[in-house]
Structure formats: C-alpha cells, structure tokens
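Read the structure below first, then the notes.
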Amino acid sequence: MQRIYLDNVATTKVSNEVLTEMLDVLGENFGNPNSPHSFGRDAEAVIDLARDRVAKVINADRGEIYFTSGGTESNNWALYGLAMANRAKGNHIITSKIEHESVLESCKRLEKMGFKVTYLNVDKTGLVDIAELLHYLDQDTILVSVMAANNEVGTIENLKAIAKIAHEKGVLFHTDCVQALGNFKLDVKDLDVDAMTLSSHKIHGPKGVGALYVKHGVKIDNLIVGGEQERGKRGGTLNVAGIVGFGKACDLLLNNYIVDCKKMKYLRDYFVSSLEKSVANITVNGHAHQRIPGLASVTFQNVDGEALMCLLDLAGISVSTGSACSTGNKAPNYVLLAMGFSSEEAQSTVRFSFSITNTKDEIDYVVEEIRKATDKLRAMSPIKMTKKKV
C-alpha cells in the first residue's frame, strides 16, 4: 500500500539539503555558541549565518531575529512580552477569534493578569472584520495581534491594512506568520509589522525551532529568563543544529518559493477540480482567492470528518480534521464555528494540505479513495441527500 502525506500544514518533511547541514553540525560543530573557546566560536559562526538567512527571507535585519523553540513559544513571547513592556500605556489587546491556540491561550492568561482582550469576528471566508477593529481601538489599546494566514482554511488576512490602522492609533502590531512563511512573500518593512512569529517545520526544516522578529526600537519583556543568550532576551542554550536547519530551509525557500508555490497551487486546484467532479455535496472553504496555495479545507455533507479521515488512513492517505495542536479535542473546530459553520458542518470538514513532493498521480488516487469512503459513509447514514454537487 502506498503512503501519501497530505497534512503538510501540520508539518513538512525535512529536506535532504537541510538534513545534510544539520548532520554536519551534530557530528562536528557541537560546541555551545556562548562558550568563549574555539568550539564555541565555531558554533556561534553557524548561528550567525542562520540568523542572516532567516532575516533575509523576511527582509529584516539580523539584530531583529531571536531564535525560539517554535511558533508556540514565539507567539507566547510576543503576546506576553509586548503586553508587559507596554502596560504603562494601557491594558487593552485586540486579536481575532480564529488565531492559533498559542495566541488565544496567551490572551486568556493576560486577561487573568488584568488585561482586557477583544476578540474580533471574521466573515464566512475567514477575513477579520476591519470595521470591528476600527470600532474597538481606543486610547487603552497597546497591541493588535492577527495571523497572516489561517491554519485551518488558509485565508490570507489583510495585514497591511490592519497594520496601518493600528499604527495610526499608535498601537503595536504582531502577526503570526507560521502558515504564511513559504506560501507568499513576507517583507516586514513593506508590511510594517512590529513583531512576527516564524516556525521551521512548516518549510521543510526541523521541528523544535522558530523565531520571533522584533522591530528595532520595540520594547519587549523576556518570557524565558535564566541566561544571557539571544542578546539577553531569551535564556537557554541554543539548539544549534535546529537553528542551522531552519536557516538552510529559509535559504532554500528564498531561492525556490515562487516555483514551489505554483506547483502547490496547481496540485491544490487539480485536487479540488477532480473532487468536485467525483463527489457530490461538498463545499470548499476559505477565501476563493486570498488563500495560501497548498491548502484545501473541504466540508462533506452528511459525512463524519473523523470517520473519513480514518478510512483514508487505512488507504494510506494522511489528512487532518484540524490543527495538530487540537488533537484529542472532540469539540467542533473553533475556527469553523467562528466563520459561521454549524457544529455538524464543522465536524464534516477535512483539511488537505500539499507540498512540492506530492504528485498528480497521488491526487488521482486520493480522490478515488475519498469517493469510495464518502459513498460508504453516506450509505450508512439515515439521512438521504440529493445528488446535487456543490
């Protein structure tokens, strides 16, 4: 049985080029980059190269890049650090209802610490309500945090407009770009953001490493204390091999992302077109045009998403019904509910995400297996449908 991986939004396979550089570091360049001897200096040198590579892919300065353990830590740090550093100016934070849980849970923690948080609504495509943002911004607002691209449906938010609105009120703007990196061009200067979250394992780099971009001059309190690493802003011995792998992944991305994005969009569009011809009563979710190229969120009427996922897994196909960070939570997907889905629709939704390693032949096999699985599940259901295709 062939195995086909269509859960690249959850994580991607580490590329051979990244793995090669990481193995070299793990084998020979094992020093602590904060040690003053030659082994430490060698490790520091490869960290510096990686920092340059990460900075370059988002058009930042190297001194604005701080390495972390991943997107979750970066989001926690951004929310906590920016809020605490600017608490004297106000106590109001604005975010959206469809942010990653690392942002939403950080906001809940800040609410317990006395901050006021406004959670913006989104429309049926997943776009943040700009009118609500304008309405809730006030003299106590110190931070707006809105993700660049949603990890469930792929909708790309209007970042430049949000940043402009926030800055006109003297408010800081942070964006979670974990799902955006590698899917469209990110330029911190053009977007005019104050802080940006990045992660390695979404772009064929290793897990357990990410970065937080903090614009020069922006004050941020430490989240992790206990050491002077990362210019005194983040304690803890650096994950040298992981950081090197992240840097290499960014280097490869910078050279290949236009071609890679075109391929992922082709595969996604071919999948959607083939699926609509083969399976009745489906809806493709998210914005029709403002959407990252490699993701298709599909609602299958009168089909349990978990059951469909399991049947596909038995056929060697790996897909998802939502964020890997929410695995084990049987409640309907909160992103879809925020977009206006019913509980039944949310629980009938499956996420398919593609990478440059997928092929057209794989898509043909997947579509046929989906057809067989949905026919089986619908035949077992007491609810009968018309044969109308959506």
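Quick notes
- Residue count, the range 45-68 (criterion: open to solvent by 50 Å² or more (accessible area, probe 1.4 Å), in contact (Cβ under 8 Å) with a residue 60 or more places away in the chain and either under 18 Å from the mean Cα position of the chain (by Cα) or more than 9 Å from CYS250 (Cβ to Cβ) (or both)): 4
- For MET1, the conditions (1) touching a Phe, Trp or Tyr at 6+ places or on another chain (Cβ under 7 Å); (2) open to solvent by 50 Å² or more (accessible area, probe 1.4 Å) all hold with the exception of (1).
- For beta carbons closer than 9 Å, sequence separation of 6+ or different chains, a first residue in the range 1-21 that is in contact (Cβ under 8 Å) with a residue 60 or more places away in the chain and a second that is of a type in the set (Ser, Thr, Tyr) and open to solvent by 90 Å² or more (accessible area, probe 1.4 Å), the qualifying pairs are TYR5/THR357; ASN8/THR357; THR12/THR357; LYS13/THR357.
- Elements of the type strands (runs of 3 or more DSSP E) sitting completely within the range 170-221 and holding at least 1 residues that are free of Cβ contacts under 8 Å to residues at least 40 places away in the same chain: these cover 172-176.
Matching residues to (1) surrounded by 21 or more Cβ atoms within 10 Å (Cβ to Cβ); (2) in a strand (DSSP E or B):
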site: ARG87; (1), (2): no, no
site: GLY90; (1), (2): no, no
site: ILE93; (1), (2): yes, yes
site: ILE98; (1), (2): yes, no
site: VAL103; (1), (2): yes, no
site: LYS108; (1), (2): no, no
site: GLY114; (1), (2): no, no
site: VAL117; (1), (2): no, yes
site: THR125; (1), (2): no, no
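- For the range 199-211, the condition holds for at least one residue, the condition being that it is open to solvent by 50 Å² or more (accessible area, probe 1.4 Å) and either closer than 18 Å to GLU64 by Cβ or at pLDDT 95 or above (or both).
- ASP375 meets all of the listed conditions (1) farther than 23 Å from LEU127 by Cα; (2) in contact with a helix residue (DSSP H, G or I) (Cβ under 8 Å, 6 or more places away or on another chain); (3) modelled with pLDDT of 95 or more but one, namely (2).
- Restricting the range 127-137 to residues that are surrounded by 13 or more Cβ atoms within 10 Å (Cβ to Cβ) and without any contact (Cβ under 8 Å) to a residue 60 or more places away in the chain, the residue that is nearest to GLU152 (Cα to Cα) is VAL128.
- Residues of the range 27-44 classified as surrounded by fewer than 16 Cβ atoms within 10 Å (Cβ to Cβ) and small (Gly, Ala, Ser), total: 4
- Selected residue (criterion: surrounded by the fewest Cβ atoms within 10 Å (Cβ to Cβ)) from residues of the range 157-191 that are of a type in the set (Asp, Glu) and farther than 15 Å from VAL57 by Cα: GLU168
- Boolean, LEU6 is surrounded by 13 or more Cβ atoms within 10 Å (Cβ to Cβ), of a type in the set (A, V, I, L, M) and touching a strand residue (DSSP E or B) at 6+ places or on another chain (Cβ under 9 Å): yes
The values are calculated or read from the model by the stated rules, or taken from the named source; none is laboratory data. This structure is a prediction, so every number in the text was calculated from the model and none was measured. Cβ coordinates were reconstructed from backbone atoms using ideal geometry, including for glycine residues, and neighbour counts include every protein chain displayed. Only protein heavy atoms, including side chains, enter the accessible area calculation; ligands, DNA and RNA are left aside. Shrake-Rupley method; radii C 1.70, N 1.55, O 1.52, S 1.80 Å.
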